[in-house]
């Protein structure tokens, strides 16, 4: 049996326990509408830029042009690891077999 907080995280109705508001670690997202319950990591714009090897400006442009999915957390923008992988997958160019 899962502890109560873990169960709530998995079903997407997590509540922050009293007194831990300032100690809660950002970076967890619950996706319960994607065909299954799972927990996904949320990345900052700076972290995405670092992973892509680009500047923050490029990532912000992707967001402004709606070329990458993002999540608003209050006034902050976060990108899930899954959405970053999907963005990279759509830009993948396969090699062709030359004869």
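Please indicate, with yes or no, whether at least one residue in region 80-89 is surrounded by 11 or more Cβ atoms within 10 Å (Cβ to Cβ) and over 11 Å from the mean Cα position of the chain (by Cα).
yes
Take the residues of region 38-55 that are at pLDDT 95 or above and outside any helix (DSSP H, G or I): which is surrounded by the fewest Cβ atoms within 10 Å (Cβ to Cβ)?
Ranking the candidates gives 53 first.
Among 19, 35, 12, which is touching a strand residue (DSSP E or B) at 6+ places or on another chain (Cβ under 6 Å) and modelled with pLDDT under 95?
Values: 19 fails: touching a strand residue (DSSP E or B) at 6+ places or on another chain (Cβ under 6 Å); 35 fails: touching a strand residue (DSSP E or B) at 6+ places or on another chain (Cβ under 6 Å).
None of the other options fit; the residue is 12.
Within region 56-79, take every residue that is more than 13 Å from residue 44 (Cβ to Cβ) and in contact with a helix residue (DSSP H, G or I) (Cβ under 8 Å, 6 or more places away or on another chain) and give me the one that is surrounded by the fewest Cβ atoms within 10 Å (Cβ to Cβ).
By that ranking, first place goes to 67.
The values are calculated or read from the model by the stated rules, or taken from the named source; none is laboratory data. Computed from a predicted model, the values in this text were never measured in an experiment. Methodologically, a virtual Cβ is constructed for each residue, glycine included, from the backbone with ideal geometry; neighbour enumeration extends over all protein chains shown.
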